[in-house]
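The values are calculated or read from the model by the stated rules, or taken from the named source; none is laboratory data. Just so we're clear, the structure is a prediction, and the values are computed from it rather than from any experiment. Here Cβ is always computed from backbone atoms with ideal geometry, including for glycine, and neighbour counts include all displayed protein chains.
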Amino acid sequence: MGRFSVHITDGGRTIYAQATDEELVARVLTGDGTAFAPLVERHKRGILNFIHAVVRSAEDADDLSQETFMRAYAHLRTFNPKLAKFSTWLYQIARNTARTHLAKERRRPPSEDLFEDETLEQKLPDQHHSSPDERVIARDDERLLHSALQKIPEKMRTALVLRYYRHLEYQEIADTMRVSLGNVKTLIHRGKSALSHALSAVEATQLARAQHARPEVAHREVLCV
């Protein structure tokens, strides 16, 4: 896939710093192609993180985020600021791009049985970690959480990522996913239950692997003695 790169001069950053997304889109549509670069700068990290949480591969996420911005640029005239914010429209493209990729790779995860776990939100990325030890633990938890996210249905995963990673309001999630507000609430409620189940399974697998590795380590130590 060809790379979609942008270049912004210091002067460009100054000119566009106060412009809204919609104003920048208007500039692009009137012929100022450089106005698309600050849109990419503003949203590239969020789009990359969103797609990475939806697909399994960091490399795929990087390619798909590039594809998202290429699609957005190519179809910019279809954006209607009266219907949605630019960010909502962009995340719709990102979601469709990720879903197309998952369909092609036949990676859609199976449905999971659901059950309640109100402590799950403590594991979702909405906390500040001050000490080095807390940050190490947070990184380990994040890896486990990302693995668990891949095991729940795509719609639930998308709703959770938009809510807890991108901090979107429920109505914004509904607009992005093109579903009703009630559907979003159901997806998040059931998604947390499914994610809790998946997270427990991932943690159990990690524990089993660790316990299996200990006898081998002990055996090697005996041989060394």
Q.
surrounded by 10 or more Cβ atoms within 10 Å (Cβ to Cβ) and modelled with pLDDT under 90: is that true of Val54 in this structure?
A. yes
Q | helices (runs of 4 or more DSSP H) contained in region 13-90 and holding at least 3 residues closer than 23 Å to Glu105 by Cβ and either under 17 Å from the mean Cα position of the chain (by Cα) or not aromatic (Phe, Trp, Tyr) (or both) | A | 36-54, 58-74
Q. Is at least one residue of region 182-198 modelled with pLDDT of 90 or more, more than 21 Å from the chain's Cα centre (by Cα) and over 18 Å from Val55 (Cα atoms)?
A. yes
Q: Scan region 138-196 for residues that are surrounded by fewer than 18 Cβ atoms within 10 Å (Cβ to Cβ), part of a helix (DSSP H, G or I) and free of Cβ contacts under 8 Å to residues at least 24 places away in the same chain and report the count.
A: 13
Q) Among the listed residues Tyr91, Tyr73, which satisfies the condition of being under 15 Å from Thr158 (Cβ atoms) and modelled with pLDDT of 90 or more? A) Tyr91
Q. Can you spot a residue in region 203-221 that is of a type outside the set (S, T, N, Q), assigned to a helix (DSSP H, G or I) and either under 19 Å from Leu48 (Cβ atoms) or modelled with pLDDT of 80 or more (or both)?
A. yes
